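Where a number appears in this text, it was derived from the coordinates with a stated rule and is not lab data. Note that the structure is a prediction, hence the values are computed from the model and not measured. Cβ sites come from the backbone with ideal geometry, for glycine too, and all protein chains shown count toward neighbours.
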Amino acid sequence: MRTILEGHAEGELRVASVQGSFVMKCGGSTLAALPDSFFHDLQLLQQSGLQPVIVHGGGPAISDNLAKLGIESEFVHGLRKTTEDVLDVVEMVLSGSINKQIVRRIQNVGGRAWGLSGVDGSLIHAIPVANSAEVGFVGEVTHVEASLIQGVQDMGYIPVIAPIGIDLSGQRYNINADTAAGAIASHLGVNRMIVVTDVPGIMKTVNDEKVVLTSVTVQEINDMIETGEIYGGMIPKVRAAMSCIHGNVQEVVIVDGGEPRVLSRVMQGETIGTRIARG
Ligand SMILES: Nc1ncnc2c1ncn2[C@@H]1O[C@H](COP(=O)(O)OP(=O)(O)O)[C@@H](O)[C@H]1O
Ligand SMILES: CC(=O)N[C@@H](CCC(=O)OP(=O)(O)O)C(=O)O
C-alpha cells in the first residue's frame, strides 16, 4: 500500500494514491502547544482518504490533578504507580478532559472526531503488567477490538482513544499511552505510526553536540538505552516502536508536534524526526 501526498498552497493537500489507517500518538508533553494547523492538517489527511487513529497521553495533566487533590504518585521504571485513587484521576483526566479537548480541537477546524477510551466497548483488553506488585493497576494490552475502531472510521469520524484498558472482570488499568498506541497500531495492521512529542526526534550527543538521528536500528536503540542516552519518556516510545515493527507496522516516526505542518510532511515522506523501520 502506498501513499503519495503532494503539498500545495497552505491548507491544501492532494493524495495521488491512498489508502489505509495510520496511528498517531499525541503525548501530553506537547498537546497544549499544538497549533490549530496541526488539527487542520489531520482533517485534510482524512478528507484525502486516509484514516487517522489518534491515541493520546496526558501524563503532565494527570500529575497536576493528582497534586491538586493531594494524592501522591510516583513513577517506577517509567510507569505511574497506580492505586484505585490514582486510577480515578487517570480516567477522569484521560477519558474526560484531555480526550474531549482533542475532539473539540478537531471539530473546531471542521473535522469529525469521536472520543472513546479503551473501556468503551472493551476496546482495549488488558491484564496486569508483570511487575504489578510494584506499580498497581497498570495494564498491558492483550487484545484490541479493531472492528470498533473501523466502525467509527466507517461513520466518517477520526477515533480519539484514551489509553485505559479493561479486563474480563471489569477492572480498569492505566496503560502508558505509547504502549497502547503501539498495540493499537499492531492490532490494526497499519503501515505507519507517528509519535508526536516535544523533541525533534531521538537525540544523541556527537562531538559534544546534540544531533537528531534521522533513523535508528533496533541495535542502536538497545545500545542507547544501555548507555542512558535514551531515558525516561523516550523508553516506552522506542519499546513500542520496536514491538510494532516486529509485527505488521512498516515504520514508526518520532516527531516534534511544534514543527510546522509536521503530519503532512511525514505523510509526504519528508525526512523529519527519527524513523524506526523494519529490516
Ligand atoms: N535520546 C533522547 N532523545 C530525545 N528525547 C529524549 C531522549 N531520551 C529521553 N528523552 C526525553 O523524552 C521526552 C519525551 O517523552 P515524554 O516526556 O514522556 O513525552 P510525551 O508526553 O510526548 O510522551 C523528551 O522531552 C526528553 O526529555
Ligand atoms: C502507566 C502510566 O504511566 N500511564 C501514563 C498514562 C498517560 C501517558 O502515558 O501520557 P504521556 O504520553 O503524556 O506520557 C500515566 O499515568 O502518566
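Data overview
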read-out	value
Net +/- balance of residues flanking ARG278 in space, Cβ distance below 12 Å, scoring K and R +1, D and E -1	+1
Backbone HN-Hα couplings from phi across segment 273-278 [Karplus 6.51/-1.76/1.60, Hz, Gly and Pro as x]	x, 10, 9, 10, 10, 5
Among beta bridges that DSSP assigns inside the chain, antiparallel share in %, nearest 5	45
Sequence-separation-based contact order of segment 159-210, relative, with Cα cut under 8 Å and 6+ spacing, percent	20
Part-to-part distance (alpha-carbon centres) for segment 124-196 and segment 200-259, which is given in Å	21
Summed residue charge, Cβ within 14 Å of GLY247's Cβ, Lys/Arg positive, Asp/Glu negative	+2
Using θ = phi - 60° and Karplus 6.51 cos²θ - 1.76 cosθ + 1.60, couplings along segment 53-64 (whole Hz; Gly, Pro as x)	10, 9, 10, 10, x, x, x, x, 5, 5, 4, 4
Positive-end extreme of charge dipole, segment 4-277 - chosen from ALA130, THR83, SER21 (charges on Cβ)	SER21
Surrounding net charge for ASN222, when Lys and Arg each add one and Asp and Glu each subtract one, Cβ distance under 15 Å	-1
Highest to lowest packing among 106-118, 214-226, 50-62, scored as the average C-beta count within 10 Å	50-62, 106-118, 214-226
Amide proton proximity set for ASP256, modelled H, under 5 Å, gap of 5+	THR197
Segment 4-277: relative contact order as a whole-number percent, Cα under 8 Å and 6+ apart	22
Estimated vicinal HN-Hα couplings, Hz - segment 245-256 in sequence order (Karplus 6.51, -1.76, 1.60; Gly, Pro = x)	6, 6, x, 8, 6, 7, 7, 10, 10, 9, 9, 8
Cβ crowding within 10 Å averaged over residues, with 90-99, 173-182 ranked highest first	173-182, 90-99
The chain: calculated mean residue ellipticity at 222 nm from DSSP helix runs of at least 4, using -39500 (n - 2.57)	-9500 deg cm²/dmol
